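Any read-out appearing in this document is the output of simple, stated calculations on the displayed coordinates, not a laboratory observation. All values reported here derive from a predicted model rather than from experimental measurement. Cβ coordinates were reconstructed from backbone atoms using ideal geometry, including for glycine residues, and neighbour counts include every protein chain displayed.
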Amino acid sequence: MTTPGTSAPDTVGTPASTGPLGTAPGVDTSPAGIDRAEGVGGSAPESPRGSHASFLSRVPRSVWPLLAFLVLFGIGGIIRPNLITIDSLIGTATFAIILAIASFGQTIAVIQAGIDLSVPNTIGFSALAFLTLVGPLGPVGAFVAALAAGAVIGFFNGVVISKLGLTPIVTTIAMNGLLFGVILLAFNFSELTVTPDFVIAITSAKISVFGISMAAVLPLGLALMVVLQLVLSFTGWGRSLFVVGSAAETARLAGLPVDRIRITGYMLSGLLAAFAGIVIVGYYQQASATMGASYLLASVAAVVVGGASIFGGRGSVVGTVGGALVLGQVSTLVTVLNLGANIQQLIYGAIILIVISLYGRRRAA
Amino acid sequence: MSVTAPPAPPVAPKPAAAASGPRFWNSTGVVRLRREGAIAPIAAFVVFFVVYVIINPELLTRFQLQTASNLVVPLALVALGQLIVVLVGGIDISIGAIMSLCNVVFATQLEHLPVPVAILLSVGVGLACGLFNGVLVAYAGLPAIAVTLASAFIFGSIAREVLDRPGGGVTKEIYLATSGELVPFVPVSLVWLAVIAVLLWLLLQRTALGRHIYGVGSNMESVRAAGINARLTKLLAFGLAGVVTSFGAMMLASSTVTGDPRSGDPYLLSSIAAVALAGAAFTGGKGSIIGTILAACTLGLIGNLLFFAGVNSYWQYVISALIIVAVVGIPVVWRRVAFFAKGARS
């Protein structure tokens with residue numbers, strides 16, 4: 001069942017499901033909560049009877065979007081045989097990895113039963129803050145400062161959501177609006193044209209991996225994916241994020257510091273969105289007030305197509321990369337077949353509908 | 001806000017309006033507004049309005065009032081659409097796309113069809129979009145946020161297929177009839193808003209369907225146990241939201257005298273913000289029409305106020321966010337403080 005050709009993601013995806021939890025301290029008292037948390041990485045919560053269904057349900061969810069991507073890649077090859085090349089694969093993957101990086105933060109927010117609609121303007125804010133601070137602080141200082149700004153944004157989101165009890169949607173929409181105001185007020189756009197070499201070196205510069213030339217952002221994004229997946233799957237904090245996402249009340253009764261986990265979750269989400277902002281600046285070498293706007297719905301779409309539950313407690317960054325690859329391949333196919341951007345959006349919508357009708361019902365019912 | 005009040009709401013299948021006298025006032029007056037969370041947004045609007053009139057008394061002149069109301073009426077209508085979906089415990093991410101689609105359908109059909117037909121078509125498209133979401137949410141049991149995320153992509157792409165750049169056949173006459181000076185003293189767009197709001201209020205407060213909509217949001221299980229068709233109610237709520245959104249879309253097309261396939265996009269986040277500011281519960285069952293309209297007016301006019309106050313109007317984004325967090329958050333903090341105070345006393 002393992003898919004050849006996607007070995008790097010796969011080796012991460014499989015242990016995520018087969019080696020669940022185990023070490024998360026202090027949650028042993030709540031079998032129900034753990035059960036569901038175990039389902040998170042992949043295996044379905046209900047115990048299936050038929051061995052066939054059992055096998056299918058044991059396949060980690062993050063495999064399906066990657067498989068769907070390969071099928072779409074194959075379909076592309078059938079339509080246009082010249083699409084089956086390493087270059088075409090790299091091209092789609094580069095487009096997809098940027099969307100995936102922008103969606104990693106969203107993944108973290110969705111896993112803990114939240115949503116982060118402040119991703120677009122966090123991207124814009126961090127990108128512009130980075131470019132503004134490169135002068136006084138130097139590239140590395142500006143890089144750290146922009147990431148810290150993202151974490152602070154996430155901190156405020158988390159505090160308002162967990163301490164004031166506002167809905168994540170409302171809180172992050174308010175934060176998104178607030179950041180837009182700050183972006184318009186604080187930055188002098190005409191000065192921000194030069195992208196520092198350091199960022200270009202880690203994003204758009206061509207490097208050679210195993211003899212294949214690709215933009216540096218691709219290995220960067222994959223490395224980030226591996227690190228995040230390891231954190232989510234094998235650290236106590238990562239596992240507790242799933243527990244909070246699937247049953248916050250159970251987690252609280254089991255003695256987990258739910259508020260602190262939420263706040264740190266949103267901080268990581270904000271930090272990753274900020275990182276995405278810097279990556280986008282580096283890759284496209286331009287920044288504007290509305291540069292993040294297209295990631296509002298696209299980031300949620302990548303997360304949903306990646307198999308995460310919009311109700312929380314389920315999802316993986318590997319799946320998100322798979323979801324982004326599916327969307328990216330659709331975009332490639334639409335471009336090659338010259339169907340236009342409208343058809344692409346239509347297909348995005350249809351894919352989301354298909355995915356949620358496959359996954360979405362279990363907990364909605 | 002009213003934790004101690006009986007969690008009574010509104011699942012009275014038989015209209016309680018038959019009871020006369022004090023009971024009538026009790027159910028329509030301040031108590032109901034309080035229960036629906038509308039006191040804070042109304043107070044916020046009153047403060048805002050007073051400040052506005054002090055800074056810029058010109059608001060009350062005919063021209064400025066008209067400009068201001070043309071600005072807020074589309075937002076108020078879309079927010080009402082969002083409110084209906086929120087009342088049944090959902091959320092509509094596609095509302096901006098529905099608005100864009102109805103907007104371009106209205107504008108393009110005006111080019112070769114009589115006005116009433118174009119209006120009907122636009123309303124029909126809004127209804128169809130709402131029902132599309134509603135079927136998937138109510139009958140397929142899918143989460144509203146994910147369904148409407150998908151349909152946001154779909155409706156948006158159809159809108160740009162109908163009309164790929166701003167244009168269409170909105171005429172000066174339509175502008176005058178919806179956003180101009182058709183009636184004395186009051187901007188006509190406010191009249192339209194009032195008509196739609198009153199009809200919607202009657203529908204939500206005085207018909208069985210309306211009470212069911214509130215009921216489905218506040219307690220799905222009880223509503224089912226009472227033998228009400230909860231799924232049908234949800235479906236109709238989404239359809240109704242689509243219709244109200246289409247009114248907002250037509251008002252926008254008329255007041256800007258163009259159809260624009262991206263005109264609805266900014267209304268996605270601002271409609272949710274207005275519903276939040278109105279004190280509606282995103283778990284459903286709580287939210288008021290007047291609160292939503294006034295919240296939309298507050299959010300829609302902050303930019304104007306800052307302009308007249310001589311402040312950089314970019315501050316409007318920051319101030320809107322702070323108002324939302326303050327108005328929604330203060331009751332929470334207040335409740336918590338009251339809780340601790342009570343605990344300390346006993």
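Computed about its Cα centre, the charge dipole of the range B:36-341 is approximately 700 debye, with only Lys, Arg, Asp and Glu carrying charge at their Cβ. Its residue count N sets the reference 2.2 N^0.38 Å, and the alpha-carbon radius of gyration of the range A:60-364 equals 0.98 times that reference.
If each Cα of chain B is one equal point scatterer, what is log10 of I(q)/I(0) from the Debye formula at q = 0.07, 0.13 Å⁻¹? These q points yield log10 I(q)/I(0) values of -0.30, -1.02. A straight line joining the Cα centroids of the range A:123-179 and the range A:212-260 runs 19 Å. Calculate, for B:Phe63 and A:Phe155, the FRET efficiency according to 1/(1 + (r/R0)^6) with r their C-beta to C-beta distance and R0 35 Å; round to the nearest 0.05. Calculated transfer efficiency: 0.15. Taking other Cβ atoms within 10 Å as a rough exposure proxy, B:Val147, B:Val31 sort from fewest to most as B:Val31, B:Val147.
For a Förster distance of 22 Å, can you work out the FRET efficiency between the beta-carbons of B:Tyr139 and A:Leu358, rounded to the nearest 0.05? Computed FRET efficiency for B:Tyr139 and A:Leu358 comes out at 0.85. Protection proxy ranking, highest mean first, for peptides B:287-297, B:213-223: B:287-297, B:213-223, where packing is the per-residue count of other beta-carbon atoms within 10 Å, averaged.
By the helix-only formula, in which each DSSP H run with n ≥ 4 contributes -39500 (n - 2.57) and the sum is divided by residues, chain B has a 222 nm mean residue ellipticity of -23500 deg cm²/dmol. In order along the range B:82-89, the Karplus-derived 3J(HN,Hα) couplings, from 6.51 cos²θ - 1.76 cosθ + 1.60 at θ = phi - 60°, round to 4, 4, 4, 5, 5, 4, 8, x Hz, and Gly and Pro are given as x.
Looking only at other chains, what is the average number of their beta-carbon atoms within 10 angstrom of each beta-carbon in A:304-312?
Working: counts 5, 1, 0, 0, 0, 2, 7, 3, 0.
Going residue by residue through A:304-312 and averaging, the value is 2.
In the range A:60-364, a dipole from Cβ-located charges (positive for Lys and Arg, negative for Asp and Glu) runs towards its positive end, and of A:Ser204, A:Leu333, A:Ser233 it is A:Ser233 whose Cα lies farthest in that direction.
Remark: the range A:304-309, residue by residue, has Karplus-estimated 3J(HN,Hα) of 5, 5, x, x, 6, 8 Hz, where x stands for each Gly or Pro and the curve is 6.51 cos²θ - 1.76 cosθ + 1.60 at θ = phi - 60°. Just to verify a number: FRET efficiency for B:Leu182 and A:Ala223, C-beta to C-beta distance, R0 = 56 Å, to 0.05? Between B:Leu182 and A:Ala223 the formula returns 0.30.
Using the count of nearby Cβ atoms within 10 Å as a rough guide to exposure, how do B:Lys172, B:Lys234, A:Lys163, B:Lys286 rank from fewest to most? Each step should come with its number before you reach the end.
On the way: B:Lys172 9, B:Lys234 27, A:Lys163 15, B:Lys286 22.
The most exposed by this proxy come first: B:Lys172, A:Lys163, B:Lys286, B:Lys234.
The packing ranking of peptides B:113-123, B:315-325, highest mean first, is B:315-325, B:113-123, where packing means the average number of other beta carbon atoms within 10 angstrom of each residue. With a simple spin-label model that places each label point 7 Å from the Cα along the Cα-to-Cβ direction, the separation between A:Thr290 and B:Ala309 comes to 2.6 nm. Each semi-axis of the equivalent ellipsoid for the protein assembly as shown is √(5λ) with λ an eigenvalue of the Cα gyration tensor; in descending order they amount to 41, 31, 27 Å. When only the Cβ of Lys, Arg, Asp and Glu is charged (+1, +1, -1, -1), the dipole of the protein assembly as shown relative to its Cα centre reaches about 1980 debye. Exposure proxy ranking for B:Ser157, A:Ser62, based on other Cβ atoms within 10 angstrom of each Cβ and starting from the fewest, stands as B:Ser157, A:Ser62. For the range A:296-343, the share of alpha carbon pairs falling in successive 5 Å distance bins from zero is 6, 23, 24, 20, 13, 9, 5, 1 percent. Reducing the range B:271-309 and the range A:275-350 to their Cα centroids gives an inter-centroid distance of 31 Å.
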